[in-house]
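The values are calculated or read from the model by the stated rules, or taken from the named source; none is laboratory data. Note that the coordinates shown come from a computational prediction; the quantities given were computed from them, not determined experimentally. So basically every Cβ, Gly included, is an ideal-geometry build from the backbone, and we count neighbours across all protein chains shown. In case anyone asks, the SASA skips ligands and DNA or RNA and just uses the protein heavy atoms, side chains included. Shrake-Rupley method; radii C 1.70, N 1.55, O 1.52, S 1.80 Å.
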Amino acid sequence: MAKAHVKMTVNGKEVEGLVEPRTLLIHYLRETLSLTGAHIGCDTTHCGACTVDLDGKSVKSCTLFAVQADGASIATIEGMAGPDGSLHALQEGFRMMHGLQCGYCTPGMIMRAHRLLQENPSPTEDEIRFGIAGNLCRCTGYQNIVKAIQYAAAKLRGETFAEAAE
Amino acid sequence: MSTAVLTREQREANLEGMGCRRKRVEDIRFTQGKGNYVDDLKLPGMLFGDFVRSQYAHARVRRIDKSKALKVPGVLAVLTAEELKGVNLAWMPTLAQDVQMVLADGKVLFQNQEVAFVVAEDRYAAADGVEAVEVEYEELPVVIDPFKALAPDAPVLREDLIGKTSGAHGPRRHHNHIFEWTVGDKAGTDAAFANAEVTIKELISYHRTHPSPLETCQCVASFDKIKGELTVYGTFQAPHVIRTVASLLSKIPEHKIHVISPDIGGGFGNKVGAYPGYICAIVASIVTGKPVKWVEDRIENLTTTSFARDYHMTTEIAATKEGRVTGLRVHVLADHGGFDACADPSKFPAGFFAIVTGSYDFPVAHATVDGVYTNKAPGGVAYRCSLRVTEAAYAIERGMDILAQKLGMDPAELRLKNFIRREQFPYQSALGWEYDSGDYHTAMNKALEAVGYRQLRAEQAAKREAFKRGETREIMGIGLCFFTEIVGAGPSKNCDILGLAMFDSCEIRLHPTGAATARMGSKSQGQGHETTYAQIIASEIGIPAADIMVEEGNTDTAPYGIGTFGSRSTPVAGAAIAMAARKIRNKAQMIAAYMLEVHESDLEWDIDGFRVKGLPERSKSMKEIVWAAYNSPPPGMEPGLEAVSYYDPPNMTYPFGAYICVMDIDVDTGVYKVRRFYALDDCGTRINPMIIEGQVHGGLTEAFAIAMGQEIRYDEIGNVVNGSFMDFFIPTAVETPQWETDHTVTPSPHHPIGAKGVGESPNVGGVPAFSNAVNDAFSFLGTRHIPMPHDHWRNWMVANSLGLHG
């Protein structure tokens with residue numbers, strides 16, 4: 001199969017290469033670039049485990065071809081921690097509020113929450129729940145994920161989130 | 001090192017031992033996308049396998065033509081049953097001692113059954129190859145309704161069993177019959193019913209559903225021809241069992257098989273069994289000499305690798321007019337699909353269904369389970385529950401509500417009247433279990449108090465009157481559930497799987513600087529074992545949890561164990577941890593005595609070391625003792641400090657809980673709103689309350705899904721009509737209710753640390769609470785039993801059938 005040339009910025013780094021036109025973005029990220037943080041959970045765009053940030057929007061990378069991301073700027077979970085290894089407020093929030101169990105949905109969930117907080121730095125609980133409705137979690141029942149996002153939102157605003165995980 | 005400067009509280013806090021809301025160590029990697037799941041693995045030269053599957057539920061396979069597929073670029077091989085017969089692997093044994101086709105051998109028995117396995121250079125080429133395989137089928141009549149499976153003229157499903165009048169679990173009385181399992185006192189139960197003042201009888205069905213962890217089942221098999229060694233990485237909840245089964249099937253010696261379960265993205269029972277994908281990947285690796293990866297997609301997962309429930313329970317309760325239960329009789333029709341692949345201990349083809357007497361003091365009971373074959377997927381796994389326990393809890397908890405309705409009694413009062421009393425423990429149930437401990441009245445009363453039960457009933461009564469007057473179109477339901485689980489399989493005297501006794505294990509090795517590595521026979525799929533197991537060790541031997549690394553899932557390094565399912569990790573592996581730790585502490589005490597120049601009996605344990613009785617300033621910390629154990633042990637004592645424990649539990653554990661759901665339903669739309677859900681759990685000693693509460697949230701969310709809409713549904717010709725996340729109900733954050741958690745603590749008397757296990761309780765107890773809430777809401781309009789699942793549409797249908805829509 002004839003291959004297409006793609007060039008994109010992933011976590012601030014330029015990458016380029018040849019891909020089959022049918023290659024899904026998630027497979028390009030995971031198999032070609034070895035960024036295995038984003039996962040595949042459903043194949044039908046429902047679960048959001050493959051969520052990454054593309055040009056300032058949350059996208060489900062299982063439903064985009066790599067060629068559609070040509071020229072785009074992509075952020076994945078691997079780009080969230082600081083250069084010194086310090087956790088991003090969301091990563092810290094998920095740990096402090098027990099917002100994960102098996103960890104499989106977590107990278108997609110954090111990337112979605114990241115975009116949500118860019119769009120709305122002070123979301124209500126309902127806004128958080130609606131904002132992450134495209135991301136499924138089978139382990140936590142979401143209650144502590146909501147708290148994790150509230151924790152991060154507070155921290156990013158320079159405030160402290162007082163509630164404990166439950 | 002001196003600990004004198006620290007207070008006792010600081011020393012305790014440093015350990016982060018049992019009872020601490022310790023943050024999870026797993027999260028450091030998971031939050032950074034650095035988990036290591038099976039599909040993340042990339043081995044040099046790795047190939048990819050994918051299945052050709054049957055679109056028919058029952059058909060003869062007339063011809064498989066793989067010639068076109070073999071010409072597809074990148075395709076290297078296509079395996080069919082013919083090839084597998086060459087290595088005697090066209091069929092494989094199931095966990096239930098039946099056999100299952102690995103690849104279709106002459107016919108298919110359920111939709112999406114595995115027919116051929118295409119091996120290619122990458123997953124895209126494999127998918128191309130699958131498209132190019134041509135299969136000719138001849139359709140056969142199907143059996144989808146289990147109630148028609150035993151009709152005299154029902155189609156013969158399992159032609160391989162023709163003429164076999166008995167199976168692994170006794171006589172078969174029909175060609176689609178698998179087993180009849182019976183327990184209890186039939187004559188005594190019949191007598192109780194003959195003399196009963198009040199009886200109820202209801203067919204209570206628990207529909208077919210699926211555990212659907214977010215990560216599907218997958219593996220990478222790699223056979224090294226030079227060394228004759230096989231390595232299999234996979235999503236295995238029970239890696240050692242997989243190794244033993246792989247050895248028995250392949251004849252590769254067990255020490256030359258390395259099974260590795262890396263991080264697992266949820267299991268919920270789905271990843272206990274052995275599936276055709278594993279066998280095919282192994283065979284393909286042996287054939288090609290290269291590593292072969294197999295990864296299910298979601299449709300394959302929902303429609304082939306296991307299902308859960310599909311239990312149809314005719315439940316009868318006998319009682320006095322005053323509401324004392326006098327007898328329980330249950331007959332179950334169990335739909336096992338095309339092959340019996342239930343993950344039950346060998347002697348329990350219906351799992352631990354005998355827990356069906358629940359939390360109540362039934363003087364006599366009798367239960368019978370008939371397993372039947374149908375043209376559905378095999379499985380019958382315990383979806384976040386101990387084996388068939390959630391089915392049993394649903395039958396008894398619905399049954400008690402139906403009885404309360406018939407008696408005109410409050411369902412809480414009926415339960416309180418019939419609970420096993422605290423002083424009756426250890427309690428011998430009518431169906432043969434010895435309940436270890438419980439305090440049901442305290443738990444129930446605490447729950448009723450917490451939700452303001454009386455006020456809720458008063459509000460409900462007022463709303464019903466308002467509804468009758470036409471002032472509201474909303475009805476209110478209060479769903480109660482008081483469940484008793486039976487978990488921690490189990491004692492080897494009665495629990496084995498394929499002959500493997502169901503103990504579990506722990507090895508703890510202390511290193512000279514006072515750090516430790518613990519290796520386990522269990523395997524976390526998200527439960528947080530790396531965090532909680534270290535807490536048990538920290539409390540037992542006084543080493544900070546932060547200095548203890550817990551490893552699981554590598555059969556080369558871990559002691560043999562049966563794995564993680566049926567809430568057995570804490571009851572069995574958790575006990576092994578405590579026992580291994582105590583061996584270490586005993587040796588440490590001898591070393592400390594030598595160091596302090598006193599007799600061992602002069603020492604007492606003190607948080608993180610030993611001190612001389614009456615002279616607390618003379619002490620040795622564990623850190624000092626461990627260094628000495630390696631570098632200056634007492635004369636005659638061998639150096640080192642490590643221990644292994646294989647723990648064979650003396651009994652199961654019996655967690656319990658009281659759950660209350662308050663729900664409002666709009667009769668014109670069928671839309672329900674969960675106003676409140678309160679869950680009180682008693683899992684004995686609590687190791688990490690944060691993790692317990694997280695487990696309860698997750699289990700309740702699964703229970704909510706199952707009760708309110710999640711099912712695997714077949715049409716009349718055996719098509720799965722909801723086999724993807726498009727229409728298989730997985731609640732999002734929007735639908736999922738808020739959960740309130742609470743607890744009482746009744747330690748298990750036979751468990752070394754008194755823990756009972758909790759991960760599955762919310763699924764077991766949650767489903768009846770939701771279903772009882774819906775049933776309670778409608779009951780004043782004349783309904784007796786509304787079957788699950790209770791989605792908005794079905795609620796609307798109930799309202800419609802009651803004539804509420806004019």
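Filtering region B:10-19 to residues that are part of a helix (DSSP H, G or I) and either buried (at least 20 other Cβ atoms within 10 Å of the Cβ) or at pLDDT below 95 (or both) leaves only B:Leu15. Checking each residue in region A:28-83 for being more than 11 Å from chain B (Cβ to nearest Cβ), within 13 Å of the chain's Cα centre (by Cα) and small (Gly, Ala, Ser) picks out A:Gly56, A:Ser58, A:Ser61, A:Ala75. For region B:666-679, the criterion of being at pLDDT 95 or above, open to solvent by less than 20 Å² (accessible area, probe 1.4 Å), within 30 Å of B:Glu397 (Cβ to Cβ) and polar (S, T, N, Q) is met by no residue.
Given the criteria of a type in the set (Asp, Glu) and surrounded by 23 or more Cβ atoms within 10 Å (Cβ to Cβ), does B:Asp224 qualify? Against the criterion (of a type in the set (Asp, Glu) and surrounded by 23 or more Cβ atoms within 10 Å (Cβ to Cβ)), B:Asp224 does not qualify.
Scanning region B:20-28 for any residue that is surrounded by 13 or more Cβ atoms within 10 Å (Cβ to Cβ), in contact with a strand residue (DSSP E or B) (Cβ under 8 Å, 6 or more places away or on another chain) and of a type in the set (Lys, Arg) turns up nothing. For region B:722-737, a residue qualifies if it is open to solvent by 40 Å² or more (accessible area, probe 1.4 Å) and among the β-branched types (Val, Ile, Thr), and exactly one does: B:Val734. In region A:18-55, the residue that is most open to solvent (accessible area, probe 1.4 Å) out of those that are assigned to a strand (DSSP E or B) and closer than 25 Å to A:Pro83 by Cβ is A:Leu54. Within region B:411-437, the set of residues being in contact (Cβ under 8 Å) with a residue 24 or more places away in the chain, basic (Lys, Arg) and surrounded by fewer than 15 Cβ atoms within 10 Å (Cβ to Cβ) comprises just one member, B:Arg421. Scan (1) open to solvent by 10 Å² or more (accessible area, probe 1.4 Å); (2) within 14 Å of another protein chain (Cβ to nearest Cβ) for the single condition B:Ile279 breaks and write down its number. It fails just one condition, (2).
Scanning region B:235-255 for residues that are open to solvent by 30 Å² or more (accessible area, probe 1.4 Å), touching a residue at least 24 places away in the same chain (Cβ under 8 Å) and within 11 Å of B:Thr555 (Cα to Cα) yields one hit, B:Arg243. Looking only at residues that are assigned to a helix (DSSP H, G or I) and not aromatic (Phe, Trp, Tyr) in region B:183-200, which one is farthest from the chain's Cα centre (by Cα)? Within region B:183-200, the match that is farthest from the chain's Cα centre (by Cα) is B:Ala194.
For region A:93-109, taking the residues that are facing another protein chain (nearest Cβ under 8 Å) and touching a residue at least 60 places away in the same chain (Cβ under 8 Å), the one that is most open to solvent (accessible area, probe 1.4 Å) is identified as A:Met96. For beta carbons closer than 6 Å, sequence separation of 6+ or different chains, a first residue in region B:717-739 that is facing another protein chain (nearest Cβ under 7 Å) and a second that is of a type outside the set (A, V, I, L, M, F, W, C) and open to solvent by 40 Å² or more (accessible area, probe 1.4 Å), the qualifying pairs are B:Phe725/A:His46. One residue stands out among those in region B:482-523 that are in contact with a strand residue (DSSP E or B) (Cβ under 6 Å, 6 or more places away or on another chain) and open to solvent by 10 Å² or more (accessible area, probe 1.4 Å): the one that is nearest to B:His169 (Cα to Cα), which is B:Ser492. Looking across region B:740-752, the residues that are more than 10 Å from every other protein chain (Cβ to nearest Cβ) and under 24 Å from B:Ser359 (Cβ atoms) come down to B:Asp742, B:His743, B:Thr744, B:Val745, B:Thr746, B:Pro747, B:Ser748, B:Pro749, B:His750, B:His751. Restricting attention to region B:438-481, the residues that are open to solvent by 50 Å² or more (accessible area, probe 1.4 Å) and without any contact (Cβ under 8 Å) to a residue 60 or more places away in the chain add up to 14.
Given the criterion open to solvent by 10 Å² or more (accessible area, probe 1.4 Å), hydroxyl-bearing (Ser, Thr, Tyr), under 29 Å from B:Pro650 (Cβ atoms) and under 36 Å from the mean Cα position of the chain (by Cα), identify the matching residue among B:Thr570, B:Thr564, B:Thr531. Working first, answer last.
Values: B:Thr564 fails: open to solvent by 10 Å² or more (accessible area, probe 1.4 Å); B:Thr531 fails: open to solvent by 10 Å² or more (accessible area, probe 1.4 Å).
Among B:Thr570, B:Thr564, B:Thr531, only B:Thr570 is open to solvent by 10 Å² or more (accessible area, probe 1.4 Å), hydroxyl-bearing (Ser, Thr, Tyr), under 29 Å from B:Pro650 (Cβ atoms) and under 36 Å from the mean Cα position of the chain (by Cα).
If you go through region B:244-259 and pick out every residue that is out of contact with any Ser or Thr (no Cβ under 7 Å at 6 or more places or on another chain) and either under 21 Å from B:Met502 (Cα atoms) or of a type in the set (Gly, Ala, Ser) (or both), you end up with 8.
If I filter region B:1-45 down to residues being within 26 Å of A:Ile77 (Cα to Cα) and of a type in the set (A, V, I, L, M, F, W, C), which single residue comes out as nearest to the other protein chains (Cβ to nearest Cβ)? Step by step, filter region B:1-45, then rank; the result is B:Phe30. Any residue that is within 11 Å of another protein chain (Cβ to nearest Cβ), among the acidic types (Asp, Glu) and outside any loop (DSSP other than H, G, I, E, B) - is there at least one of those in region A:110-119? Looking through region A:110-119, none of the residues is within 11 Å of another protein chain (Cβ to nearest Cβ), among the acidic types (Asp, Glu) and outside any loop (DSSP other than H, G, I, E, B).
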